[in-house]
Amino acid sequence: MKAPDLDRACDLFLDHLKVERNLSPHTIDGYSRDLARLSGFVRERGIAGPGEVTTATLVDYLLELANEGLSAKSRARALVAIRGLFRFLIGERYLDADPTEPLDSPRKARKLPEIIPVEDIDRLLSAPDPKTPQGIRDGAMIATLYAAGLRVSELVTLEIADVNLEAGYLRARGKGDKQRLVPLGDIARAAIADYQQAARPALLRDPTEQGLYLTARGRPMTRQGFWKLLRRYAVSAGIRTPVSPHTLRHSFATHLLERGADLRAVQAMLGHADITTTEIYTHVSRARLLELYRAHHPRA
């Protein structure tokens, strides 16, 4: 089967990612930008079809990205998109050989995630005003985020039917619309129950609204709106470490592992497809142990 030109091949691949693999629009946009950049590079060299792209061509392209100052992380992401394109073309029988096969991903430093200690979590949970509907809502959202290790997008898209307080779990919708069940602790269950009884009815405008956490206008909370609220509460609680929704997710995983939780169980609760993504939290735990050792051992 004759291969299409490179631009058409990229369009076919992106359609495949959207329709068949159900990747998020954000991910597809990133792939699209990386592949458009590659298309421009090879077009300048008189290359029209993907079958004319060689390993040497791709090495030159990656070197140009490095010379332009792109980080190893950005270059590795670009290579992921290119690999995906050529593997797709081979799978569709447009090509026989993969020019990306000999290439190694650019090495990137593994940055350990920021976490905050348990005592700061307690101060953060106590920061919202429990006498107002908004304060009750905010306290419940923070408690839910930390108790279940959710992504902020998963938190703000929770619906009433996703939370089972009697059984003690919630249903999170993760990347690619994958769903998972995550247990809830007693503190979070009590905070959610208080919110549903005392605060949500005061915020509700449309009786048919199914979103769990609502703004003063009766609409579901947005990611940006919650991020701003969380930052304000962190400042008012006197927490010096930068706090974001993802900081609480990182803290959730690290605190579980520090207290002996199974890595596979934490992987399932976080919704990671690959356990190597979860393993970074074991490095955080080791770093914390070393910090404690140096701070308290008389011969450290």
Unique residue being surrounded by 14 or more Cβ atoms within 10 Å (Cβ to Cβ) and either within 25 Å of TYR169 (Cβ to Cβ) or in contact with a Pro (Cβ under 8 Å, 6 or more places away or on another chain) (or both) when the list is VAL243, VAL266: VAL266
Extreme residue, surrounded by the fewest Cβ atoms within 10 Å (Cβ to Cβ), among residues of the stretch 20-49 that are closer than 15 Å to GLY84 by Cα and at pLDDT below 90: GLU20
Pick from the stretch 138-183, criterion among the hydroxyl-bearing types (Ser, Thr, Tyr) and in contact (Cβ under 8 Å) with a residue 24 or more places away in the chain, ranking: surrounded by the fewest Cβ atoms within 10 Å (Cβ to Cβ): SER153
Number of the condition not met by GLU209 [criteria: (1) in a loop (DSSP other than H, G, I, E, B); (2) farther than 17 Å from VAL163 by Cβ]: (2)
Unmet requirement for VAL59, which otherwise passes all of (1) buried (at least 16 other Cβ atoms within 10 Å of the Cβ); (2) touching a residue at least 40 places away in the same chain (Cβ under 8 Å); (3) in a helix (DSSP H, G or I): (1)
Failed condition for GLY46, given (1) outside any helix (DSSP H, G or I); (2) within 31 Å of the chain's Cα centre (by Cα); (3) free of Cβ contacts under 8 Å to residues at least 12 places away in the same chain: (2)
Residue match in the stretch 105-113 (condition: under 30 Å from PRO242 (Cα atoms) and either at pLDDT 90 or above or touching a Gly at 6+ places or on another chain (Cβ under 9 Å) (or both)): no
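The values are calculated or read from the model by the stated rules, or taken from the named source; none is laboratory data. Model, not experiment: these values are computed from the prediction. We place every Cβ from the backbone using ideal geometry, glycine too, and count neighbours over all the protein chains shown.
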